[in-house]
Amino acid sequence: MAQPGTSTLTTSPGGGRQHEDGTARRDFLYLSATAFGATGAVLTGWAFISSMNPSADVLALSSTEVNLSAMQPGQAITVVWRGKPVFVRYRTPEEIAKAKADDKADLRDPELDSKRVQKSQWLILVGVCTHLGCVPLGQKPTDPHGDFGGWFCPCHGSHYDTSGRIRKGPAPKNLEVPTYTFLNDTTIRIG
Amino acid sequence: MAKYDYVPSPFMSNPIVKWVDHRLPIFEMVDQQLIKYPAPRNLNYWWNFGSLAGVMLVVMILSGIFLAMNYQPSTVAAFDSVERIMRDVNYGWLLRYMHMNGASMFFVVVYIHIARGLYYGSYKAPREILWWLGLLIFLAMMATAFMGYVLPWGQMSFWGATVITNLFSAIPLVGKSIVTWLWGGFSVDNPTLNRFFALHYLLPFVIAGLVLLHLWALHVHGSNNPLGIDAKGPQDKIPFHPYYTVKDAFGLSVFLIIYAYFVFFNPYMLGDPDNWIPANPLVTPPHIVPEWYFLPFYAILRSVPDKLGGVTLMFGAIAILFVLPWLDTSRVRSGRFRPAFRVFFWLFMVVTVTLGWCGSQPPEGMALTIGQICTVLYFLHFLVFLPLLGWFERPLPLPASIAEPVLKSAAK
């Protein structure tokens, strides 16, 4: 008889050798082989899943330079960055004042206007509604600007203010501010 | 495999058939499962829609394969390649009209097939897995149709793809990464179009596999029938051929006339003119609408003012169908013997059609309010009406057998 905690090898009816507590060398082989195979399958599967993420050539196109020298106050242009529209707006002093005044308004996604700009006259936003990805209207003077003087998304009715903050409608977040740097006074690099 | 008193067809004694069957019993399977297969003797025309759906799957795969021979899945070439199919490829217009209207016909047929199952209680024991497989086919169809609609790369293609993939951004924490992964970039673009084409080509064959499982599950207990009672013996059944092959063929002929009307006389009735404008990532069309067959679900999505809430409810509208066999507490299958259920069934039909109308309207004013009421009614039907009906409703007496009412009405 074996002492508790130790075990001796006996021959099982099937011919395989097993310990007295019912475990056999074969159980270990089953488990380790299964674990080995499963790990391999998961790692291989990762290659397939990862191949669907943005590829190197897509990532390489991830910055855009914009020359702002021709723009006048009150003008807005739309540039393409990573396949998406980016709104560049040369804000008038009134628009800036309105955005600053709205800092104290009841905001769904509270953020100070000063945190959303590097130079207060240049408002730079990803022009994609944070609801389901439509492009809001408001870049042209003739466009609807919504109830807060900024942008209005026609798809499901979201209103953004002169700082691009969500004020009304189904969108949960403010229009995103992309990463950008001023290369000099009149050129920015987005991304 | 045959559980009934199977008498082989005469061709089964042919020596070549015997030689083949000894190695692969394919003739035996066809004979047992398609020719001699005993079906309830009282199936009405609502039971045609399963085979019609099968025919549509074949039509879609065939027309799709031949379209793919001329289609180019790249953002630069896709729109023009579709125009080339329409103008230059021999009968390309026919293939495309068959395919784009075929999608609508496929959904019409499947919606009627589902509604028939709802009315006659075809989802009840022992057909729950049959019902689930049908729902999986429905989900795969929706994914296939959505990705197929993206391929022509018009404005509605692009913005439909943008809005629908953005639904996943509502998922907390990982939503944004999932959307980037789905896109293969930072917006719907060339990688998205490529993978949608690959998956649009793949999924119909997944559907075909699910259809085989669906038929397998169907043939275990056989078709439900308008009375909803089980067959008591051979007198309740008739062989599938020639009785139901003929009935299906007649129904198919009528259906093909309707299908041909759309293909040849009104191919754009169900389409959206905005898809004639090539995709422009910088301009959203003022009014985005999905194809008609998604409108009820779109209306549910928009009736909730919260992003995550809307997305959850939209997927929930289909998910709830999976537990329907347990939400419907009545032991009587057929709506024919459930007077109160019948009222709620037709109310539910009106609710879904109204939701479809709401989905086609801009989300404001009356359409939005009606959509919200109908969304509530849609879920009440499953979560409150059906469970309570089973308890409070007094069903009509069931006939003793399938044969009894048939023979009675024949005697008159």
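The values are calculated or read from the model by the stated rules, or taken from the named source; none is laboratory data. All values derive from a computational prediction rather than experimental measurement. Glycine also receives a Cβ, built like all others from the backbone with ideal geometry; neighbour counts cover every protein chain displayed. What goes into the accessible areas is simple: the full protein's heavy atoms, side chains included, and nothing from ligands, DNA or RNA. Shrake-Rupley method; radii C 1.70, N 1.55, O 1.52, S 1.80 Å.
Some points to look at:
- Any hit, the range B:129-138, residues being crowded, with 22+ Cβ neighbours inside 10 Å, of a type in the set (Gly, Ala, Ser) and at pLDDT 95 or above: yes
- Figure legend. Inter-residue proximity from the range A:130-157: first residues on the phi > 0 side of the Ramachandran plot, second residues crowded, with 19+ Cβ neighbours inside 10 Å and of a type in the set (Val, Ile, Thr), beta-carbon distance below 6 Å, spacing 6+ or different chains. Indicated pairs: A:133/B:162; A:149/A:162.
- Selection status of residue B:160, within 14 Å of chain A (Cβ to nearest Cβ), modelled with pLDDT under 95 and under 23 Å from residue B:64 (Cα atoms): yes
- Comparison of B:152, B:172 shows that the only residue that is modelled with pLDDT of 95 or more and either open to solvent by less than 20 Å² (accessible area, probe 1.4 Å) or part of a loop (DSSP other than H, G, I, E, B) (or both) is B:152.
Residue-wise test of (1) over 28 Å from residue B:158 (Cα atoms); (2) open to solvent by 60 Å² or more (accessible area, probe 1.4 Å); (3) not assigned by TED's automatic domain parsing to the domain that holds residue A:186.
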site	(1), (2), (3)
A:42	yes, yes, yes
A:111	yes, yes, no
A:126	no, no, no
A:136	no, no, no
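- Summed over the range B:188-246, the residues that are within 27 Å of residue B:132 (Cβ to Cβ), more than 25 Å from the chain's Cα centre (by Cα) and open to solvent by 50 Å² or more (accessible area, probe 1.4 Å) give a count of 2.
- Answer residue from the range A:74-109, given it is on the phi > 0 side of the Ramachandran plot and within 14 Å of chain B (Cβ to nearest Cβ) and is surrounded by the fewest Cβ atoms within 10 Å (Cβ to Cβ) among those: A:83
- Of the candidates B:309, B:335, B:356, B:365, the single residue that is surrounded by fewer than 17 Cβ atoms within 10 Å (Cβ to Cβ) and over 30 Å from residue A:84 (Cβ atoms) is B:365.
- Residues satisfying the stated conditions in the range B:27-54, i.e. crowded, with 20+ Cβ neighbours inside 10 Å and under 30 Å from residue B:100 (Cβ atoms): B:47, B:48, B:49, B:50, B:52, B:53
- Residue check, residue A:172 under 24 Å from residue B:302 (Cβ atoms), surrounded by fewer than 17 Cβ atoms within 10 Å (Cβ to Cβ) and in contact with a helix residue (DSSP H, G or I) (Cβ under 9 Å, 6 or more places away or on another chain): yes
- The range A:148-168, subset in a loop (DSSP other than H, G, I, E, B) and within 14 Å of chain B (Cβ to nearest Cβ), residue surrounded by the most Cβ atoms within 10 Å (Cβ to Cβ): A:155
- Every residue from the range B:280-297 that is open to solvent by less than 30 Å² (accessible area, probe 1.4 Å) and within 11 Å of chain A (Cβ to nearest Cβ): B:284, B:285, B:288, B:289
- Once the range B:253-282 is narrowed to residues that are part of a loop (DSSP other than H, G, I, E, B) and touching a residue at least 60 places away in the same chain (Cβ under 8 Å), the residue that is nearest to residue B:355 (Cα to Cα) is B:270.
- Scanning the range B:312-331 turns up no residue that is assigned to a helix (DSSP H, G or I) and within 11 Å of chain A (Cβ to nearest Cβ).
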